[in-house]
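The values are calculated or read from the model by the stated rules, or taken from the named source; none is laboratory data. On a predicted model such as this, the values are computed, not experimentally measured, just so you know. As a convention, Cβ positions derive from the backbone with ideal geometry for all residues, glycine included, and neighbour counts pool all protein chains shown. To get the accessible areas, we keep the full protein, side chains included, count just its heavy atoms, and leave off ligands, DNA and RNA. Shrake-Rupley method; radii C 1.70, N 1.55, O 1.52, S 1.80 Å.
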Amino acid sequence: VSGTIDSGTLKVGDAVIFYPSGKKSRVKTIEAFNRPAQSRAEAGAAVGFTLQEQIYITRGEMATLESEPRPQVTTRLRVSLFWLGKEPMVKRKEYLLKLGSARVTARVEEVLRVMDASTLDATDQRAVVKRHDVAECVLKLDRAIACDIAEDVPATSRFVIVDDYEIRGGGIVREA
């Protein structure tokens with residue numbers, strides 16, 4: 001398994017759970033290219049590690065220590081986002097949401113509130129999010145992902161939204 005440690009410390013022997021699948025194993029070794037063997041790695045490190053029990057982990061899974069609080073696993077997110085796309089963000093259109101290494105199709109289910117970033121005017125009566133707007137929305141995902149709430153672990157709550165191979169917006173998860 002390889003990835004970046006966003007928070008905490010990983011040690012050989014730690015029991016880990018992967019979300020959203022819920023698969024469990026223990027860390028057998030921590031690997032690093034062109035470095036001596038390590039027994040631990042800390043936040044910010046890009047590492048590889050082997051597991052005592054071989055399990056198949058798909059891209060986008062989030063590993064947590066068994067002793068730590070579990071992340072949110074959901075198909076609906078309440079988010080705060082900013083929109084940079086030339087075309088407005090609209091309901092029912094498919095977008096690609098990238099959160100960590102997870103890639104999932106997302107649709108706007110509801111626009112709760114929109115603020116024009118240049119005038120700071122807020123409105124609850126909009127169906128679209130226009131360029132340079134900041135919005136609070138509910139996104140519906142086509143499959144479950146694991147994430148954290150921005151107030152708990154900011155690094156694993158940030159996302160970008162891609163449309164037509166370009167980043168059109170980004171934001172943070174407020175609620176699962």
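Taking the stretch 73-97 as the range and being of a type in the set (A, V, I, L, M), over 15 Å from Thr156 (Cα atoms) and either out of contact with any Phe, Trp or Tyr (no Cβ under 9 Å at 6 or more places or on another chain) or surrounded by fewer than 19 Cβ atoms within 10 Å (Cβ to Cβ) (or both) as the test, the residues that pass are Leu84, Val90, Leu96.
Residue count for the stretch 154-171 under the criterion of being open to solvent by 30 Å² or more (accessible area, probe 1.4 Å) and either free of Cβ contacts under 8 Å to residues at least 60 places away in the same chain or assigned to a strand (DSSP E or B) (or both): the result is 8. Of all the numbered requirements in (1) farther than 18 Å from Ser2 by Cβ; (2) open to solvent by less than 40 Å² (accessible area, probe 1.4 Å); (3) in a loop (DSSP other than H, G, I, E, B), Arg70 misses one, and that requirement is (2).
If you go through the stretch 1-39 and keep only what is without any contact (Cβ under 8 Å) to a residue 12 or more places away in the chain and under 30 Å from Glu151 (Cβ atoms), you end up with just Gly22. Among the residues of the stretch 10-55, the one identified as exposed (fewer than 13 other Cβ atoms within 10 Å of the Cβ), modelled with pLDDT of 95 or more and under 19 Å from the mean Cα position of the chain (by Cα) is Gly22.
Restricting Ile57, Ile30, Ile17 to residues that are part of a loop (DSSP other than H, G, I, E, B) and of a type in the set (Val, Ile, Thr) narrows the list to Ile57.
Only one entry of Glu136, Glu151, Glu109 meets the criterion of being free of Cβ contacts under 8 Å to residues at least 40 places away in the same chain and either of a type in the set (Lys, Arg) or in a strand (DSSP E or B) (or both), and that entry is Glu109.
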